[in-house]
1. Counting only residues that are touching a residue at least 60 places away in the same chain (Cβ under 8 Å) and of a type in the set (Ser, Thr, Tyr), which one in the range 618-657 is surrounded by the most Cβ atoms within 10 Å (Cβ to Cβ)?
2. Farther than 18 Å from Pro107 by Cα, in the same structural domain as Ala182 (by TED's automatic domain parsing) and either in contact with a Pro (Cβ under 9 Å, 6 or more places away or on another chain) or not in a loop (DSSP other than H, G, I, E, B) (or both): which single residue out of Ala58, Ala41 fits that description?
3. Which residue, of Ser108, Ser162, is in contact with a Ser or Thr (Cβ under 6 Å, 6 or more places away or on another chain) and either hydroxyl-bearing (Ser, Thr, Tyr) or free of Cβ contacts under 8 Å to residues at least 12 places away in the same chain (or both)?
4. Show me the strands (runs of 3 or more DSSP E) entirely contained within the range 561-648 in which 2 or more residues are charged (D, E, K, R), over 28 Å from Met760 (Cβ atoms) and assigned by TED's automatic domain parsing to the domain that holds Asp674.
5. Out of all the residues in the range 799-832, which are of a type in the set (Gly, Ala, Ser), closer than 27 Å to Pro903 by Cα and assigned to a loop (DSSP other than H, G, I, E, B)?
6. Scan the range 552-569 residue by residue and report those that are more than 38 Å from the chain's Cα centre (by Cα) and not hydroxyl-bearing (Ser, Thr, Tyr).
7. Report every pair of residues separated by at least 6 positions or lying on different chains whose Cβ atoms are under 6 Å apart, first residue within the range 811-835 and in contact (Cβ under 8 Å) with a residue 40 or more places away in the chain and among the polar types (S, T, N, Q), second buried (at least 18 other Cβ atoms within 10 Å of the Cβ) and part of a helix (DSSP H, G or I).
8. Mind checking whether some residue in the range 685-692 is under 42 Å from the mean Cα position of the chain (by Cα) and either on the phi > 0 side of the Ramachandran plot or surrounded by 16 or more Cβ atoms within 10 Å (Cβ to Cβ) (or both)?
Amino acid sequence: MALPLRVAKGFMPTVSIIMPAFQAEASLRAAIASMSNQTFADWELVVVNDGSTDATLALANECAAKDPRIRVFSQANLGASAARNTGLREAKGDWIGFLDADDWFAPSFLQSLLDIRTAHPEVGVVYCDFALVDANNKLQEEQRVPDLSDPFGALARNCVLSVHCALTRADILRAAGTFDEALVINEDWDLWQRIARTGAQFRGIREILAFYVTRPNSLSRRKVEALASDGVIVIERMFAADPRVPSSDLRYANGLPLEDRLTMLLDWIIMCAGNAVALDLDPVAFLELVPDIGDAFLYPDDAAGSMSGAMAFARCVEVTALAKDWAELGPRVKLFWERLAQKLGRERPVDMAQACQLRLIFGPDKWLAQFHSSAIFACKIDIAEPLYAIDPGACDIVLADVFDGSQPLGLVAIPAAATVPPSVIADAIRKTAPYWQHRRQVIRSMAPKKLAGLAWHAGRELARSRGWGVKTMAARPQTTVGSLKQRSRAALVLGLGKMVDAQMSYAPADTAAWDLALSKFEAEAKIAIADVPEAAPVERPAQEWNNDVEVNSVAYWDQVFETENPWAYDSPYEQRKYEQTLDLIPRDKPLRAIELACAEGHFTAQLAAVVDDLLATDISRTAIGRAAARCRASGHEHVKFDQLDFFNNPLPGMFDLIVCSEVLYEAGTREKLDQIARNIATHLTPDGVLVTAHIIEVTEERDRSGFDWGGVFGAKSITEALLATGELQLEAEIECELYRVQRYRRTQTLVVKDVRQEEMGSAPAREYAFHVVWGGTKATWSEVEHERALAVPVLMYHRIAEADDGPQSLAQYRVAPAMFEAQMRWLRQNGYHGITPDEWLCAIRERRAIAGRPVMLTFDDGYRDFATAAWPILGKFGIPATVAIVTDHIGGAAQWDRRFGEPAPLMNWDEVAQVAREGAIIASHSASHSPVNALTGHELYREAIQSREAIRKATGILPETVIYPYGIEDMAACRAFEHAGYKIGFGTRSGVATMLDDPMRMPRVDVNGLEGLDEFIANVTQMDLQTGRKWQSSLA
């Protein structure tokens, strides 16, 4: 115990702890003792007696007489908030905390939290974990504070901090305002979200140092009613500007996006309803607190846990102990769910919530006897026995409680198109198992032969539960990654899947009825999409590339030219370069000219118009044939053609003009480049000229725009090699952002170089722009290609539009075009390369790490500005993107946003088809944009199949990617879209996608339009791509 300080007049402590006390004679001594026992001594305790009629004031004065750091104040009974505000006015410390008179701190509480301040001087709030204990200090429940890197996002959605588990800098606390004395309860939540709204930085430690004492009947009827009504007030404040915080961080000035409002309110009401049920109050009345609650989304798992936990908390029992009182509690719970279903107009999510709640309370299997639904067929499945078909009767969702003998595994939901065949059941179990609540216990309990029931994603859990050493696992010869740590990661992901490839046992069954039901949905879909314009099927024959041919050999270049026009020679970018090259061709006398590497003759035909004696050469016979045909078609019969490998052979004679562009990159070594340069220079006649055009290579000139080809020579090295021959003088140069066009003269006389800057006119074609880095580079692809990614940040965008182009409440979903371009530039400058969903899925299936730094871009809803703003910017950087469209609303507006203001326009089918032809991946965002967890099984199949068929008809490409509306990842929906032919799905769960994720439930990283480039960078780089683990958190 630290000794009390000798407190001098004018004492200014480091920390002030404020303790409101009302009728606290039974607990006050213990609470104050926890302060006296602190290992950090520079504190004051401000005790505010809130009109107590017992011995509270006398006890407080007695303690203050013994320790001058304790100061006591007294007021009429105005409530805890008023008492805390009184304490705030009297507090002298630089840091302020709170402790109720019946709670207590661990002795190291102050020292541990202030150590965070020492390590991070910029921090505004320091915190720890806390625990719920009973009156005898017996542990009831540990409360782990989640990551608060985004404190407003976390604290606005839930009061994750107890009022006594943190210290706040005094200036920040006072800037946020005092406790709202009009609130009976939730006043701490209201203050925390105001503090977070200021932009204060939160940092914590993963240690329980604060203890909240729970007492039977402490949650009174009055408090439950106030909890509900005051909570609604606090939540409503979160979705608007708060005038009480004039210094709000710009990101939080207008609160949370309005689209989350109703869901948060419903979550709160369900929790309060659980308290009400436990205390014999009417829970249905709480539904009237929010008039428009019927438009909210219900998340069954969350709702079940929230209500059950609240019931148990109110009764101070475990959740399972509620079963013995179910005869009393059950009718009130059932009535609440029924009224909620009426409000929502949807039975399925409410019935699912009831099922989940009953399973929590009664336990696996036993809950089935309590559950009744007209929408969901609930049953038990034992994978230790052969699987049989399930006939759900009139229901079209099967909810199976899966066991392995006596071991419960978890719930599996299957949308029932018809009687569900065993193979479909087995597939659903296999793909859901790794994500069950008790997955580690499941794996521990299963015999090796039963591991067939798990997908390969369970490998990591299997390794941990069995205690397998990483050194042994990482020794697999096929895992060729550098360090032991990297090999361990790779082995866990890449190797273990091979151990669980066997099939689950099931009885043979006829799948004809199932297949017929799915085909009926397809037939209905074709009728429903009759008005969708039909595109020709897209045929993309893959060229088989022979990697055994020698680079720069005849066979190599013939292989290149198997594809006609391999580098978009007729693009505006290339044509501008041709015009500039022609501009440097001398016109003052007849010239004997040779064009080296003429390719397919696009420039040859233009050069022939100004040169009478022209020999065009190329190493590829295929290219020469096309060049000759092009020149004949243009009427240039005088052009001669010949095959020439000038890298290894001398030029055929002396020439007045040599044109050599876009080929010297491939010399391989500097020695070879110097040799080629001499070959060119020595075959120029005296006073002859060489005209050449070559790109800027960023590995040579890192501080400017250029191409990131890696391992090739750019204009800088080529210029050095040509000048090093001693035969050539550079007399004219046109410098553009990405290339240089130059004219050299063979002369010993010094010439005055004419250099001029010109615009390119246009960027390279989209399919070649991915090599371009604009504005300089910090990391090239070749510099990061040794990295091996087992995770990928999937960036989630909605609109690319100006901040004022739409309702303010949706501003976070609009990224300004200039900011979007800055984000793409940063990605490219830092070595990231874009991948598509099918590339990621292929890597997952092959259990293959991706070289370098992958990133994936997705755009929800299919807004018109994707085509007009996002797609052109993406084309400049050559970054692929996936856009998810709502097929029933194509060409219309985002009607699902109408409650926030005028909805934004969506792409029409012509625009969708155009971006698809140009390489955009078109994904399904469903047909109607309905919340998928509210749909029946048949509706899910219609949504999945109809949207897929519409996209196929309009683009000629059958989509394999789905992005679920509102980001809702529902078990049944995932399986319905998978049965319809989709291979990969994305929701809005936050995080990078890893190879351990269910391919149909991939997380994403939200890109917030209210945030700047620094926040974007922090979000992209928050995870180690080799593990999918977070680099950054609010933990000290």
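The values are calculated or read from the model by the stated rules, or taken from the named source; none is laboratory data. All values derive from a computational prediction rather than experimental measurement. Cβ coordinates were reconstructed from backbone atoms using ideal geometry, including for glycine residues, and neighbour counts include every protein chain displayed.
1. Filtering first and then ranking leaves Ser620.
2. Among Ala58, Ala41, only Ala58 is farther than 18 Å from Pro107 by Cα, in the same structural domain as Ala182 (by TED's automatic domain parsing) and either in contact with a Pro (Cβ under 9 Å, 6 or more places away or on another chain) or not in a loop (DSSP other than H, G, I, E, B) (or both).
3. That would be Ser108, the only listed residue that is in contact with a Ser or Thr (Cβ under 6 Å, 6 or more places away or on another chain) and either hydroxyl-bearing (Ser, Thr, Tyr) or free of Cβ contacts under 8 Å to residues at least 12 places away in the same chain (or both).
4. 640-643
5. Those that are of a type in the set (Gly, Ala, Ser), closer than 27 Å to Pro903 by Cα and assigned to a loop (DSSP other than H, G, I, E, B): Ala801, Ala803, Gly806, Ala816.
6. Asn552, Val554, Ala555, Trp557, Asp558, Gln559, Phe561, Glu562, Glu564
7. Gln823/Phe1016
8. No, the range 685-692 has no match at all.
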